[in-house]
Amino acid sequence: MHSLAQEIEGFSRNRLRKQCTRVTTVTGRMLLERRSDGGEGQDQLEELEAGVGCGFVEDKSLDLQVGVVRPFLLLASQDAAHDIDTLQRYKVSHILNVAYGVTNLYPDLFVYKTLQILDLPDTDITSHLAECSSFIDEARKQEGVVLVHCNAGVSRSSSVVIGYLMQREELSFEDAYSQVKLARPSIHPNRGFHQQLQSYKPQGR
């Protein structure tokens, strides 16, 4: 009979499952640690992606949640605007891109309008509302569905949609904000946009 020591010694280390450990450092670096086989050689570290700041790890998951504000008016992030399945599922025909530096991927499939707006409190968001609202109206006249997006679908695009409801439906800021928030709970216009919309008086009212 083999002794226990002989059995252990004869066990092939190659049959052991290789170990990989994903490590996030305090500076946000993402590393993949690979254990060497059989204890021979050195463990390997592979950097998966660049660090994005002290202790902060960027969220790489897709945000495909679409807020249906009106049957013809949708609000979402750039992820949804770049996902053809999502666009087709919601029967999108027009896309209003108010992000900065985000490309329009399907110019042959959808009608686009692009306004490169910075998400900064001192950006005059209300100066863009008339142009954005005209585009939304055009989509509606064509019995289309317009998706409004920025980068995250949180500040710029939500402000445009809130402004549209204030203009076209004569809603107060509070009512428009509540309805858009109900459709897409993650919205959060930046401080400057929030203040501008609170004091916004659409023409003709």
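Tell me, in nm to one decimal, what length is gained between Ser199 and Leu105 on full extension, where the rule is 0.36 nm per residue of separation less the Cα-Cα distance?
Numbers: separation 94, 0.36 × 94 = 33.84 nm, distance 3.55 nm.
So the chain would gain 30.3 nm between Ser199 and Leu105.
Would you mind getting the accessible area per residue of region 66-199, heavy atoms of the protein chains only, 1.4 Å probe, in Å²?
Numbers: 6110 Å² over 134 residues.
Accessible area per residue: 46 Å².
Using alpha-carbon pairs under 8 Å, 6+ residues apart, how would you state the relative contact order of region 66-199 in percent?
On the way: 230 pairs, mean separation 43.4, N = 134.
Once normalised by length, the contact order is 32 percent.
The values are calculated or read from the model by the stated rules, or taken from the named source; none is laboratory data. Since the model is a prediction, treat every value here as computed from it, not as a measurement. Quick note on the areas: whole protein, heavy atoms, side chains included, nothing else; ligands and nucleic acids left out. Shrake-Rupley method; radii C 1.70, N 1.55, O 1.52, S 1.80 Å.
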